[in-house]
Amino acid sequence: QVQLVESGGGWVQPGDSLTLSCTDSTRTLTSYAVGWFRHDPGKERELLGAIDWSGARTYYGDSVKGRFALSRDNAKNAAYLQMNSLKPEDTAVYFCAARAGFGIFRQTEEYNYWGQGTQVTVSS
């Protein structure tokens, strides 16, 4: 089983960039697909994007396409969410999630393992 920990969240101003990291202390993330989600109270959990186990395939949700980028470094058992041109509406708790398999997974219920989340606040 993977044990996911997100890091890199914080407070930024509109237009700034921020990179979130998702690391796995069990060093088995290489076998898992990763998804990035966010949740703002009062809203549904939103899939931002997903990346397959190799990093060769990615999917992006419409709200972040062109602004956010997913990547991973399997040698470091880590996945990343690069966020650019941040807006106040990007304020939320951001989660990474993982599941075994070789595809791209777009549904919340397809993910078995979740990190604890990291808060991102975009405000002037």
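Just so you know, all these numbers are worked out from the coordinates, no wet-lab data involved. From a predicted model like this one, the values you see are computed outputs, not experimental measurements. Backbone-built Cβ (ideal geometry, glycine too); neighbour counts: all protein chains shown.
Under a Cβ-Cβ cut-off of 14 Å, what is the net charge of the residues other than D24 that fall near it, where Lys and Arg count +1 and Asp and Glu count -1?
Neighbour charge sum, excluding D24 itself: +2.
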Practice problem: Measure out, as a whole number of angstrom, how far apart the alpha-carbon centroids of segment 1-33 and segment 74-124 sit. | Solution: 7 Å
Exercise. Please give the FRET efficiency for T30 paired with E89, using the beta carbon to beta carbon distance and R0 = 30 Å, rounded to the nearest 0.05.
Key: 0.35
Quiz item: Taking K and R as +1 and D and E as -1, what net charge do the other residues with C-beta under 13 Å from the C-beta of Q107 add up to?
Solution: -1
Exercise. Could you point to the residue in V12, S85, L29 farthest towards the positive end of the chain's charge dipole, with +1 and -1 charges on the Cβ of Lys/Arg and Asp/Glu respectively?
Key: L29
Quiz item: If we count every other residue with Cβ under 12 angstrom of E46's Cβ, Lys/Arg +1 and Asp/Glu -1, where does the sum land?
Solution: -1
Self-check item: Spin-label model distance (nm) - S7 vs A56, 7 Å beyond Cα toward Cβ
Solution: 3.1 nm
